[in-house]
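Below is one structure, written out as structure tokens; comments come after it.
What follows draws every value from the coordinates through simple rules; no lab data is involved. Remember, predicted model here, so these are calculated numbers, not experimental data. So basically every Cβ, Gly included, is an ideal-geometry build from the backbone, and we count neighbours across all protein chains shown.
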Amino acid sequence: MKWEEKVRELKNSDPEAYAILNRIYKYYSDRGTMKIPSSFNERALSYMGVTAPSKNNASLKMFKEQQIIKFFNVWTGEGTIFNSLRASRPGLKLEGDAKHLQKLIKDSKKRCDFCDPERYTPEDSFGRIKGKFCITAANIAKYDAWSSLLIFKKHNPLEFSLQELSDYFETAFKWFNKVYQKDERYHFPFMVWNCLYKAGASQIHGHGQLLMTREFPYAKMENLNSSVAKYKKEVGKDYFSDLYYLHHALGLAQSYGEVKFMVSITPLKEKEILIISPEAPSESNEAKEVIFKILRCYVDVLGVESFNLALYCPSLKSYGYPYLVKIVDRGPLFINTADMGGMELYGSSIAANDPYKVIKSIREYWI
Ligand SMILES: [Zn+2]
């Protein structure tokens, strides 16, 4: 990402987008440098997968000129630092990763509770909601008073069709409405899909988490709501419209019918994308298609093995807010290191993947 160039272009070509950029973000780019002792040259290059360095060690330039781009969203508090060199580190994918993954999924099928959910999972006090390709179950160790599972019929979580994914959302909303019918105090729906264990799933078998909460939404959404309201009050404009306008001007966003999506410049972690839909994904074919195509592109083209998908919904009592879907890659399954460390928890997120490469892959996949 040639950030300085992008900002210059934006300033000349689209002053409105440039104004939004400076209203929403603080940012800078710089170069980090270092000295590498000759005794370390070969080893340093091998860490980057360079096994046959050029004679003049031109490859060492990548260490000596590391481009850093830092963003901070002053409204939401999201912040990310990009360093593309980090993506070049070898060992992030193991040889034969795909084979390992298939074996893991196949082996886990031998004694899988979720393959027979009606026998081996608890049900909600009102029973189960059954979709064509999924079924609900109570969460045995609840996150909240209303906390259930959406168990997919397919064991392999990475195998899903548009029809199946559509059914997951439709069944989820039937569950949200059922809970609301039972207890109107609970009117904030929330859904997450933690795909495989790097994303926090304890079971390999494909499943999402369904939640309903009362009084106020979950912390991250409540924080976002406050930021959006503050933006409206102080700027007089819709935050999401401005965010999309800016990302579109930067070449990082696209729309499909009424649905908009953008690869964020302040991702929580790798390849985070934000999808905005005026209608619930259970109702909108466009939203279903966008989510499906992006997920399939992540899995099939970008090699994502483990991801989190979160669905932010407006309250079931009011309809003035868009539906937001966030998807983030949680890194390769077969390396021991966690993708998030102290920086992500207490500092700023560190990202390697260039958002421009991510949107390019999605566009190519789309066509
Ligand atoms: Zn299973």
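Identify all residues within the range 238-282 that are more than 30 Å from Leu345 (Cβ to Cβ), among the charged types (D, E, K, R) and in contact (Cβ under 8 Å) with a residue 40 or more places away in the chain; write none if there are none. Within the range 238-282, just Glu279 meets the criteria.
In the range 134-157, which residues are more than 13 Å from the ligand (Cβ to nearest atom) and farther than 22 Å from Tyr298 by Cα?
The answer is Thr136, Ala138, Asn139, Ile140, Ala141, Lys142, Tyr143, Asp144, Ala145, Trp146, Ser147, Ser148.
Could you please let me know if Asp107 is over 25 Å from Tyr319 (Cα atoms) and free of Cβ contacts under 8 Å to residues at least 24 places away in the same chain? So Asp107 passes the test. Within the set Phe160, Phe114, the sole residue that is farther than 30 Å from Ser318 by Cβ, within 16 Å of the ligand (Cβ to nearest atom) and outside any loop (DSSP other than H, G, I, E, B) turns out to be Phe114.
Scanning the range 204-256 for residues that are among the aromatic types (Phe, Trp, Tyr) and not in a strand (DSSP E or B) returns Phe216, Tyr218, Tyr231, Tyr239, Phe240, Tyr244, Tyr245. Cβ-Cβ distances below 9 Å connect the following pairs, each with a first residue in the range 26-41 that is over 30 Å from Lys6 (Cα atoms), a second residue that is of a type in the set (A, V, I, L, M) and surrounded by 11 or more Cβ atoms within 10 Å (Cβ to Cβ), and a separation of six or more residues or different chains: Ile36/Ala44; Ile36/Leu60; Asn41/Leu60. Annotation note: of Lys271, Lys288, Lys260, the sole residue that is crowded, with 21+ Cβ neighbours inside 10 Å and under 10 Å from the mean Cα position of the chain (by Cα) is Lys271.
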